[in-house]
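One structure is given here, and the rest of the page talks about it.
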Amino acid sequence: MEAEYGSRLSAKAAIKLAITETREDETKLIKEFASDGIKAVAIDFGANVPEGITKIIERAVVASRREGVISPTHEAEGAVIGAAHEAVMQIAGKAMGLNVGGKIAIARYGTHLSVCVFFAIGLLNLNDVSIGLGHRVI
């Protein structure tokens, strides 16, 4: 099943986790994913683009390692970096020079790893919403 559906499962899990409303919702969903063989973690984030891009990617790697979504190898860390960079670049043009705030979610099913960023983009109370998704194989 992994070879055929692994990328879809990890992507769906990352998206669902990124759009959760509360920490309690996150925790519940992560436990549900674990029972299905999916490892996942979510972190809140806020920054200015482009200065915050590096921090977003670093936090994705640190959280993934801390929660056991990936092992501390350069292959696994590189997969998170690549997927997180891809997800952020999908919204970077829209967010250039503005603030972003929201959630980063990382999900892994077998060899498939997905990173989803779900951010409000804007200045003061004038916000837009955007989502980015990246996938890599470890």
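The values are calculated or read from the model by the stated rules, or taken from the named source; none is laboratory data. Predicted model only: the values in this text are computed from it and were never measured. Glycine gets a Cβ as well: all are built from the backbone with ideal geometry, and neighbour counts include every protein chain shown.
When segment 1-50 is examined, which residues are found to be of a type in the set (Asp, Glu) and under 17 Å from Arg66 (Cα atoms)? Glu26, Asp44 - these are the residues of segment 1-50 that are of a type in the set (Asp, Glu) and under 17 Å from Arg66 (Cα atoms). Of the residues examined, Gly6 is not one that is in contact (Cβ under 8 Å) with a residue 12 or more places away in the chain, surrounded by fewer than 17 Cβ atoms within 10 Å (Cβ to Cβ) and more than 11 Å from the chain's Cα centre (by Cα).
Residues in segment 6-33 that are farther than 20 Å from Val129 by Cβ, at pLDDT 95 or above and polar (S, T, N, Q): Ser10, Thr27.
Within segment 41-53, residues that are under 10 Å from Ala92 (Cα atoms) and modelled with pLDDT of 85 or more reach partners that are of a type in the set (A, V, I, L, M, F, W, C) and not in a strand (DSSP E or B) with beta carbons closer than 7 Å, at six or more positions or on different chains, in the pairs Ile53/Val88; Ile53/Ala92. Checked against the criteria, Ala13 does not count as in contact (Cβ under 8 Å) with a residue 60 or more places away in the chain, touching a Lys or Arg at 6+ places or on another chain (Cβ under 9 Å), surrounded by 21 or more Cβ atoms within 10 Å (Cβ to Cβ) and not in a helix (DSSP H, G or I). Scanning segment 91-138 for residues that are over 22 Å from Arg66 (Cα atoms) and in contact with a Leu (Cβ under 7 Å, 6 or more places away or on another chain) yields Leu98, Asn99, Ile121, Gly122, Leu123.
On the stretch given as segment 104-132, residues that are within 18 Å of Phe33 (Cα to Cα) and polar (S, T, N, Q) total 2. Considering every residue within segment 116-137, establish whether at least one is surrounded by 15 or more Cβ atoms within 10 Å (Cβ to Cβ) and acidic (Asp, Glu). No: zero hits. Here is a check on your reading of the model: is Asp36 acidic (Asp, Glu) and within 16 Å of Gly132 (Cα to Cα)? Judged against the criteria, Asp36 is not a match.
Remark: pairs (first residue in segment 82-109, free of Cβ contacts under 8 Å to residues at least 40 places away in the same chain; second residue of a type in the set (Val, Ile, Thr) and assigned to a strand (DSSP E or B); Cβ separation under 7 Å; 6+ apart in sequence or on different chains) = Lys94/Ile121. Restricted to segment 53-67, and to residues there that are more than 17 Å from Ile131 (Cβ to Cβ) and among the small types (Gly, Ala, Ser), the residue that is surrounded by the most Cβ atoms within 10 Å (Cβ to Cβ) is Ser64.
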